[in-house]
Amino acid sequence: MNVRELALDTLLAIEQKGAYSHLQLNEAIQKGRLDGRDAALLTEIVYGTVQRRDTLDYYLAPFLRKARRLEPWVRVLLRLTLYQMVYLDRVPDRAAVFEAVEIAKRRGHRGIASLVNGVLRSIGREGLPSIEAVGDVGKRLALATSHPEWLVRRWIQQYGYEEAARMCETNLRPPQSTARVNRLRATVDEALARLRGEGVEASRGRIAPEAIRAQKGNLAHTETFRAGWLTIQDESSMLVARALAPAPGERVLDCCAAPGGKTTHIAERMDGRGEIVAVDIHEHKVMLIEQQAKRLGLDNVATLPLDSRRLGERFAPESFDRVLVDAPCTGFGVIRRKPEIKYTKGKEDVAALVEVQQAILRAAAPLLKKGGTLVYSTCTVEREENEEAIARFLADHPDFFLDASLAERMPEPVRPHVKGGMLQLLPHHFDSDGFFIARLRKKV
């Protein structure tokens, strides 16, 4: 199969089977045995089509009014072809249309091929309908940036129109490729020098001192990575271990820990001493934590498959110096990496996850020693899951309080975004993931 047919199958798997975009894309690249150029084109088409789905459907709608019910694969084929026509300057329209018609002939029949050809050529002649003609500002922003209208209106209410618009626009850009340098193996400068020797162009991160950003090359495919010098991690996520501030020799609990990025960062900051117990509900994901710890040369990580809502069944009260609750969340801060999230999550998911988050916090709180530190983090921008979740927890647990020292523990560029003991980063602040961190202390 050619690149566009692989793109069609990948997009159908994401839409119909709920496959994760990044995993399905990797599988398609391997299946098609694609070289670097074709793999890049496939990635662009798949991610771009998912990111712009609602916008593409808005553009297609006037040209499909007379069409009978479309089979799902035909609609997806039209979307991915229109994406190339509108957003990929290096792909000639005639080439994209020709490929679409050929795929339609192979997969369907002459009538479907004729419909695909007619729709795409009509768009080429008549042009696209204007989104600017939509009067309602919330609906217009939702269509222009291909976000669900309910979510856009929610963000406008929470952050104001300008911030919501910048967040939506940022979510359409490719995510930055970043990694954390393992301080037990190398310095940032040493890692950058080794990467240069492998032909990878990278520089220091924007906010986390241990971060590097890749401009060219795949960090995960380097000997530097395989040697345990690097962990692939977003810069915002790197701030969590800094907020927790573990000390060598302490006992730390990491709830919902897979795949282990924060676990291993905590272990590195403990200089490999003490113990960090990493818990995750999925046994196969616990194995991922173990693999990461082994690759990085970390011996102070213990793992356990366990639902974090049942922590009290396995651990004694006040048995940990520090606790991290990196809670399950809607993930609306990582839409750039997993664009399908914005279509698969709804209002009901927010409400359900809030209850899960509170249950984990309730289970974790008794395990912390008096005077100990609890950090709560999510990769979402939803206030109901973040600031409101912390307010609810504190109301139910008067023996905890927000720790205002969070600001001084953060890198200088981040400090203006800290309010009390809480930090909310939005994707456009530092071209990183949207992330929330709260640092709490237990009263002595």
Checking residue 95 against (1) under 23 Å from the mean Cα position of the chain (by Cα); (2) free of Cβ contacts under 8 Å to residues at least 12 places away in the same chain; (3) open to solvent by less than 50 Å² (accessible area, probe 1.4 Å), only one condition comes out false. Which one? (1)
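Among the residues of the stretch 113-141, which ones are touching a Lys or Arg at 6+ places or on another chain (Cβ under 8 Å) and not charged (D, E, K, R)?
Of everything in the stretch 113-141, those that are touching a Lys or Arg at 6+ places or on another chain (Cβ under 8 Å) and not charged (D, E, K, R) turn out to be 113, 131, 134, 138.
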Search the stretch 20-33 for residues that are over 27 Å from residue 331 (Cα atoms) and pair each with any residue that is of a type outside the set (Gly, Ala, Ser) when their beta-carbon atoms are under 7 Å apart and the residues are at least 6 apart or on different chains. 32/1; 32/6
Can you name the condition, by its number, that residue 129 falls short on among (1) in contact with a Pro (Cβ under 6 Å, 6 or more places away or on another chain); (2) open to solvent by less than 30 Å² (accessible area, probe 1.4 Å)? (2)
Taking the criterion of being surrounded by 14 or more Cβ atoms within 10 Å (Cβ to Cβ) and in a helix (DSSP H, G or I), would at least one residue in the stretch 244-261 satisfy it? yes
Residue 205 is checked against (1) under 30 Å from residue 37 (Cβ atoms); (2) touching a residue at least 24 places away in the same chain (Cβ under 8 Å); (3) open to solvent by 30 Å² or more (accessible area, probe 1.4 Å); (4) not acidic (Asp, Glu) and fails just one. What number does that condition carry? (3)
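Among what's in the stretch 188-199 and is among the aliphatic types (A, V, I, L, M) and free of Cβ contacts under 8 Å to residues at least 24 places away in the same chain, pick the residue that is surrounded by the fewest Cβ atoms within 10 Å (Cβ to Cβ). Let's see the steps before the verdict.
Kept after step one, since they are among the aliphatic types (A, V, I, L, M), are these residues of the stretch 188-199: 188, 191-193, 195.
Now drop any that are not free of Cβ contacts under 8 Å to residues at least 24 places away in the same chain, which leaves 192-193.
Details: 192: 19, 193: 12.
Only one residue tops the list, namely 193.
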Within the stretch 4-23, the count of residues that are surrounded by fewer than 20 Cβ atoms within 10 Å (Cβ to Cβ) and not charged (D, E, K, R) comes to 8
Find all pairs meeting these conditions: Cβ atoms under 7 angstrom apart; at least six residues apart or on different chains; first residue within the stretch 333-359 and touching a residue at least 40 places away in the same chain (Cβ under 8 Å); second residue of a type in the set (D, E, K, R) and in a loop (DSSP other than H, G, I, E, B). 333/433; 334/433; 336/173
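Kindly provide the set of residues from the stretch 428-440 that are crowded, with 22+ Cβ neighbours inside 10 Å and under 15 Å from the mean Cα position of the chain (by Cα), ordered by number. Spell out how you get there, then give the answer.
Here is the first cut: in the stretch 428-440, the residues crowded, with 22+ Cβ neighbours inside 10 Å are 432-440.
Passing the criteria: 432, 433, 434, 435, 436.
Return the total of residues in the stretch 208-234 being among the acidic types (Asp, Glu) and surrounded by 12 or more Cβ atoms within 10 Å (Cβ to Cβ).
Going through the stretch 208-234, the residues among the acidic types (Asp, Glu) turn out to be 210, 223, 234.
The next check asks that each one be surrounded by 12 or more Cβ atoms within 10 Å (Cβ to Cβ); those that pass are 210, 234.
The total comes to 2.
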Could you tell me whether any residue of the stretch 263-274 is out of contact with any Ser or Thr (no Cβ under 8 Å at 6 or more places or on another chain), part of a helix (DSSP H, G or I), over 20 Å from residue 411 (Cβ atoms) and not charged (D, E, K, R)? yes
Given (1) modelled with pLDDT under 95; (2) out of contact with any helix residue (DSSP H, G or I) (no Cβ under 7 Å at 6 or more places or on another chain), where does residue 51 come up short, assuming only one miss? (1)
Those residues of the stretch 133-187 which are open to solvent by 10 Å² or more (accessible area, probe 1.4 Å), among the basic types (Lys, Arg) and not in a helix (DSSP H, G or I) amount to 173, 183, 185
Testing residue 278 on (1) over 19 Å from residue 440 (Cβ atoms); (2) assigned to a helix (DSSP H, G or I), one condition comes back false. Which one is that? (2)
Wholly enclosed strands (runs of 3 or more DSSP E) of the stretch 347-427 bearing at least 2 residues out of contact with any Cys (no Cβ under 9 Å at 6 or more places or on another chain) and open to solvent by less than 30 Å² (accessible area, probe 1.4 Å): 368-378, 422-425
Buried (at least 23 other Cβ atoms within 10 Å of the Cβ), within 21 Å of the chain's Cα centre (by Cα) and either at pLDDT 95 or above or farther than 23 Å from residue 368 by Cα (or both) - does that describe any residue in the stretch 269-276? no
Report yes if residue 42 is farther than 20 Å from residue 117 by Cα, of a type in the set (A, V, I, L, M, F, W, C), open to solvent by 60 Å² or more (accessible area, probe 1.4 Å) and assigned to a helix (DSSP H, G or I), otherwise no. no
Could you grab me the full set of residues in the stretch 296-316 that are buried (at least 18 other Cβ atoms within 10 Å of the Cβ) and over 17 Å from residue 328 (Cβ atoms)? 296, 298, 300, 301, 303, 315
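Identify all residues within the stretch 308-341 that are aromatic (Phe, Trp, Tyr) and assigned to a loop (DSSP other than H, G, I, E, B); write none if there are none.
So the first thing to find is which residues in the stretch 308-341 are aromatic (Phe, Trp, Tyr), and the list is 315, 320, 332.
Correct list: 315, 332.
The values are calculated or read from the model by the stated rules, or taken from the named source; none is laboratory data. This is a predicted model, so every value here is computed, not measured. Counting neighbours? That spans all protein chains shown, and the Cβs are built from the backbone with ideal geometry, glycine included. Calculation scope for accessible area: heavy atoms of the full protein, side chains included, ligands and nucleic acids excluded. Shrake-Rupley method; radii C 1.70, N 1.55, O 1.52, S 1.80 Å.
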